[in-house]
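Q: Provided herewith is a single structure, encoded as structure tokens, for subsequent inquiry.
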Amino acid sequence: MAAGGSTRHSLAVDGLTKVYGDLRALDGASFGVESGRIVGFLGPNGAGKTTAMRCLLGLVEPNAGSMTWDGTPLTGSIRLSFGYMPEERGLYPKMRIGEQLAYFGRLSGMDAAAARSETGLWLERLGLADRVDSRLEQLSHGNQQRVQLVAALIHRPGLAVLDEPFSGLDPLGVEAMSMVLRDLADTGTAVLFSSHQLDLVEDLCDDVVVIERGRVVLDGELERLKSNASSRLLTVTVDDLPWVDPDFGLLTEALVDRGVDLDRVVRSAGEAGRITRFVFEAPRLSDLFREAVSR
């Protein structure tokens, strides 16, 4: 539904720095987001993710660095074409949902008719068409989250910046939100979202940016990062061991160097018992994340 159109766009952030007194919230962070790509923006609490997102939307003024959209420095008019879902939800609890979403559409430059039409389409898609006249405070947390998402996407942004959009959602809500983000990217929108749910990010994202202490420590296409990693995930299950429950066997899972002698590993495991599973594969995103932030 919401789409950035067929034109290809790109966001480029270069050397972004923000200082609060003695705290360097951002320390020369650089990354990019392309049309049709979903980028997971990851990092520990306090790493600088929210500060960077607020800089993109003009809510925080950086001390140094540049932010461009198709090579043009970000301005107020360019930012109107972006969609932003903050971590701290900012909707009006006593305002009716349909009225509220149409209002946010008008703030983003839509005419009244288009704002009403998109409101109806989005609420229908997310299963909230029958709540158009309900006040926001009458909805569950998950449905309020859906309404907040619509407020960010109603004007069909070229770039969607979403801060913890999956926070507090049940599995059905996560599935619905994931489908929306995938559809956005498939229709040309550039999507940047933060999350602490690394398994979800791994399933959904094309690219990842990992930030720690205000610096980008890992950046790129997720599958390429996994393929090029110096480590591999080794999983071995051995049974027929007298001290192990025979219904389960002994499971060993470890990160090893990609050049490990697999023949030696197989021999050692086979000497202990009967090998029922042996998997040597690229590391998970969680493994890459831990390695990047611990450097």
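The values are calculated or read from the model by the stated rules, or taken from the named source; none is laboratory data. The structure displayed is predicted, hence computed values, not measured ones. Methodologically, a virtual Cβ is constructed for each residue, glycine included, from the backbone with ideal geometry; neighbour enumeration extends over all protein chains shown. For accessibility, only protein heavy atoms count, side chains too; no ligands or nucleic acids. Shrake-Rupley method; radii C 1.70, N 1.55, O 1.52, S 1.80 Å.
Q: With respect to the numbered conditions (1) closer than 14 Å to ALA151 by Cβ; (2) surrounded by fewer than 16 Cβ atoms within 10 Å (Cβ to Cβ), which one is the sole condition not fulfilled by ASP111?
A: All conditions are met except number (1).
Q: Moving to a separate point now. Conditions first: (1) hydrophobic (A, V, I, L, M, F, W, C); (2) within 20 Å of LEU26 (Cβ to Cβ); (3) within 12 Å of the chain's Cα centre (by Cα). LEU159 passes all but one, so which condition is the exception?
A: Of (1) hydrophobic (A, V, I, L, M, F, W, C); (2) within 20 Å of LEU26 (Cβ to Cβ); (3) within 12 Å of the chain's Cα centre (by Cα), only one is false for LEU159: (3).
Q: Here's a follow-up. Given the criterion modelled with pLDDT of 95 or more and either in contact with a Leu (Cβ under 6 Å, 6 or more places away or on another chain) or under 17 Å from PHE193 (Cα atoms) (or both), identify the matching residue among ALA64, ALA29, ALA2, ALA25.
A: Result: ALA29 is the single residue among ALA64, ALA29, ALA2, ALA25 that is modelled with pLDDT of 95 or more and either in contact with a Leu (Cβ under 6 Å, 6 or more places away or on another chain) or under 17 Å from PHE193 (Cα atoms) (or both).
Q: Moving to a separate point now. Mind listing just one residue for me: the one in region 275-295 that is small (Gly, Ala, Ser) and part of a loop (DSSP other than H, G, I, E, B) and, of those, surrounded by the most Cβ atoms within 10 Å (Cβ to Cβ)?
A: Start the filter on region 275-295 by keeping residues that are small (Gly, Ala, Ser), which leaves 282, 286, 292, 294.
If we keep only those that are part of a loop (DSSP other than H, G, I, E, B) too, we end up with 282, 294.
On the way: ALA282: 17, SER294: 8.
The extreme case among them is ALA282.
Q: Contact list please: Cβ distance under 9 Å, first residue in region 29-45 and within 15 Å of VAL180 (Cα to Cα) and open to solvent by 40 Å² or more (accessible area, probe 1.4 Å), second residue among the β-branched types (Val, Ile, Thr) and at pLDDT 95 or above, pairs at least six apart or on different chains.
A: Within 9 Å, the pairs are ARG37/VAL191.
Q: If you scan region 114-139, which residues turn out to be out of contact with any strand residue (DSSP E or B) (no Cβ under 8 Å at 6 or more places or on another chain), surrounded by fewer than 19 Cβ atoms within 10 Å (Cβ to Cβ), among the charged types (D, E, K, R) and within 24 Å of LEU169 (Cβ to Cβ)?
A: Across region 114-139, the qualifying residues are GLU124, ARG125, ASP130, GLU137.
Q: Determine whether PHE41 is outside any loop (DSSP other than H, G, I, E, B), closer than 28 Å to THR187 by Cα and in contact with a Lys or Arg (Cβ under 7 Å, 6 or more places away or on another chain).
A: yes
Q: Let me ask you something else. May I ask you to say which residue of THR51, THR75, THR68 is free of Cβ contacts under 8 Å to residues at least 12 places away in the same chain and either surrounded by 14 or more Cβ atoms within 10 Å (Cβ to Cβ) or not small (Gly, Ala, Ser) (or both)?
A: The match here is THR75.
Q: Filter region 202-232 for residues that are on the phi > 0 side of the Ramachandran plot and more than 16 Å from the chain's Cα centre (by Cα); which is surrounded by the fewest Cβ atoms within 10 Å (Cβ to Cβ)? Let's see the steps before the verdict.
A: As a first pass, look at region 202-232 and keep what is on the phi > 0 side of the Ramachandran plot: 213-214, 220.
Among the residues that remain, those that are also more than 16 Å from the chain's Cα centre (by Cα) are: 213-214.
On the way: ARG213: 15, GLY214: 23.
Residue satisfying both the conditions and the ranking: ARG213.
Q: Then there's this: Across region 233-274, which residue is modelled with the lowest pLDDT among those that are among the small types (Gly, Ala, Ser), farther than 21 Å from LEU288 by Cβ and open to solvent by less than 50 Å² (accessible area, probe 1.4 Å)?
A: Filtering first and then ranking leaves GLY249.
Q: Further question: Among the residues of region 185-201, are any open to solvent by less than 60 Å² (accessible area, probe 1.4 Å), under 30 Å from LYS94 (Cβ atoms) and part of a strand (DSSP E or B)?
A: yes
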